[in-house]
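Worksheet: the structure to be examined is printed underneath.
Just so you know, all these numbers are worked out from the coordinates, no wet-lab data involved. The shown structure was predicted, so the numbers you read here are calculated from the model rather than taken from an experiment. Please note: Cβ atoms are built from the backbone with ideal geometry, for glycine as well, and neighbour counts cover all protein chains shown.
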Amino acid sequence: MVKIYKTILIKEVIGEDVMPLVKLIDNSKEWSEFELASKLKKEVNEIRNLLYKLHKHNLVGFKKKKDEEKGWYVYYWFFNRKGLGHVVKDANTQKLKKLVDRLEREKQNQFFICKDLCIRLDFEQAMTSNFSCPECGDVLHQEDNSGKIKDIEKEIFVLKDIKD
């Protein structure tokens with residue numbers, strides 16, 4: 001369950017593109033960016049960009065070691081499980097912002113639906129379609145969105161309570 005939740009959170013906050021990398025480094029081993037590039041069959045620069053995205057959210061850490069033969073530094077990356085708290089916080093912040101925006105939209109607009117619930121239009125869209133459903137042709141009537149508004153307000157309350 002925790003692994004699935006972690007995967008969903010990382011996808012939601014950082015993006016789908018980092019998931020193959022996360023799955024690979026999500027163990028106790030440290031990986032050089034060259035090993036990661038080889039294993040994932042990607043360019044080193046692409047791997048670095050993904051690692052920087054994860055590092056920005058404190059999900060990976062690194063150790064820097066000097067290659068004695070070549071004289072340059074090699075970075076060895078590892079997954080930082082403690083950073084998941086930061087990802088949860090970011091996910092909640094993003095979700096809260098979307099909910100606040102949606103609540104504002106629900107409160108500021110009138111919405112229209114047909115009896116079959118094919119589509120939901122705001123006033124301007126409904127007027128453009130002559131108050132007839134573009135999907136089924138039925139007459140549109142004004143929706144009572146007070147229940148949706150209450151549900152969104154409850155979600156916002158819960159997220160704010162978690163955040164504080």
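General remarks:
- Restricting attention to the range 12-47, the residues that are in contact (Cβ under 8 Å) with a residue 40 or more places away in the chain, part of a loop (DSSP other than H, G, I, E, B) and out of contact with any Lys or Arg (no Cβ under 8 Å at 6 or more places or on another chain) total 4.
- When residue 67 is tested against (1) touching a residue at least 40 places away in the same chain (Cβ under 8 Å); (2) out of contact with any Lys or Arg (no Cβ under 9 Å at 6 or more places or on another chain), exactly one condition is not met: (1).
- Filtered by the rule that a residue be farther than 20 Å from residue 25 by Cα and of a type in the set (Val, Ile, Thr), the range 53-93 gives a lone residue, 93.
- Only strands (runs of 3 or more DSSP E) whose full extent lies in the range 48-164 are considered here, and the ones with at least 3 residues that are touching a strand residue (DSSP E or B) at 6+ places or on another chain (Cβ under 9 Å) and surrounded by fewer than 15 Cβ atoms within 10 Å (Cβ to Cβ) are 60-66.
- A search for C-beta distances below 7 Å between a residue of the range 146-157 that is over 17 Å from residue 108 (Cβ atoms) and any residue that is surrounded by 14 or more Cβ atoms within 10 Å (Cβ to Cβ), counting only pairs 6+ apart in sequence or on different chains, returns 155/99.
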